[in-house]
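> Got a structure for you, questions after.
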Amino acid sequence: MPEPTPETIAYSRPRKRSLTLRGHRTSVSLEDPFWEAFREIARRRGQSVNALASEIDAARGTRSGLAAAIRLFVLACMTEDRHPR
């Protein structure tokens, strides 16, 4: 993924998409760059978006909303990709 700059980042309103988490339908609103990165992360892990979202949902507990947890997960993955330990 190219290095983001203010000119290359698409500033957009969040888009709501439906997910199925452990058999229950829900919707999550994320900006397009987060949806794109989330789908790519799921693909690289060999998982569906629903399966990965279910893992994040189970791990987050009640500490944050699902959209925030997904954004933080994407950020952590992107940071790890750029700065491996």
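> More than 16 Å from Arg17 (Cα to Cα), surrounded by 16 or more Cβ atoms within 10 Å (Cβ to Cβ) and free of Cβ contacts under 8 Å to residues at least 12 places away in the same chain: does that describe Arg60?
Here the answer is yes, as Arg60 does meet what is asked.
> So, in region 21-53, of the ones that are of a type in the set (Gly, Ala, Ser), in contact (Cβ under 8 Å) with a residue 12 or more places away in the chain and within 22 Å of Asp81 (Cα to Cα), which residue ends up surrounded by the fewest Cβ atoms within 10 Å (Cβ to Cβ)?
Per the stated criteria, the residue is Ala37.
> Filter region 1-39 for residues that are over 13 Å from Val74 (Cβ atoms) and at pLDDT below 80 and give the result.
If the condition is that a residue be over 13 Å from Val74 (Cβ atoms) and at pLDDT below 80, then Pro2, Glu3, Thr5, Pro6, Glu7, Thr8, Ile9, Ala10, Tyr11, Ser12 are the ones that fit.
The values are calculated or read from the model by the stated rules, or taken from the named source; none is laboratory data. Not measured: the values here are computed from a predicted model. Quick reminder, even Gly has a Cβ in these numbers, built from the backbone with ideal geometry, and neighbours come from all protein chains shown.
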